[in-house]
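This report refers to the structure that appears directly beneath it.
Just so you know, all these numbers are worked out from the coordinates, no wet-lab data involved. Computed from a prediction, not measured in an experiment: that's the story for all the values here. Note that each Cβ is placed from the backbone with ideal geometry, even for glycine, and that neighbours are counted across all protein chains shown.
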Ligand SMILES: [Zn+2]
């Protein structure tokens, strides 16, 4: 009886060992919160339908000051390499900005540098340095008469260079023209991603052509 039990146990253990060799545990899911900012602008204009993408410089600084004290902030490119957070560790947060407004350089950058918080900005490469509101910026088009140019103007390449020089800001792609993805073929989607990354790589280097923030809607 003792021998039979021993043999049975041995077979079971052998089966488990074989199973454990075949089974590869999935990689841990990164526990990172991604904050998605758009424009940082002081504007008296308030549009109930569209203002949910705006934050004032004062409110922005309050939020960044809190994050600097209470979270570990990382560039968006490091999100996938983070493993699960240890118990008791500070929350991990990636601060990101979509579209690339000039007010990122004039309003957000000084705050991020003051608190040493890294951030990633996703650019719509075709429109960097242009002088009209982004074609997809419904807020600016709808409220143009009662807003300042500073609230909607696209960032310039000179400002992008200044952001890069500080070492705290990483750029990524937000497509080339910010189309509505559901209107495009697979080939057109690929072209949008490829073209924008070619521009970023040639102007800023590989490190700024890695992250891709997909435009999910013409508005964002
Ligand atoms: Zn967008």
ask   = Using a basic spin-label model with each label point 7 Å from the Cα along Cα→Cβ, how many nm lie between residue 206 and residue 132?
value = 3.8
ask   = Hey, can you rank 134-147, 93-106 by average C-beta count inside 10 Å, highest first?
value = 93-106, 134-147
inquiry  = So for each of 122-129, 166-173 I average, over its residues, the number of other beta carbons within 10 Å; can you give me the resulting order with the highest mean first?
reply    = 122-129, 166-173
task = Tell me the label-point distance for the pair residue 65, residue 141, using the 7 Å Cα-to-Cβ offset, in nm and rounded to one decimal.
result = 3.8
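Pull out a ≥ b ≥ c, the square roots of the eigenvalues of the alpha-carbon gyration tensor of the stretch 95-220, then state rounded if a/c is under 1.5, prolate if not and a/b is larger than b/c, and oblate in the remaining case. Don't skip to the answer; put the middle values down first.
Numbers: a/c = 1.89, a/b = 1.10, b/c = 1.72.
In terms of gyration-tensor shape, oblate.
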query = Just the projected area, averaged over all directions, of the convex hull on the alpha carbon atoms of the stretch 84-169: how many nm²?
reply = 7.4
task = Can you figure out the FRET efficiency of residue 148 with residue 24, using R₀ = 41 Å and their beta-carbon distance, to the nearest 0.05?
result = 0.15
remark   = Here the gain from full extension of residue 72 to residue 58, 0.36 nm per residue of separation minus their alpha-carbon distance, amounts to 2.9 nm
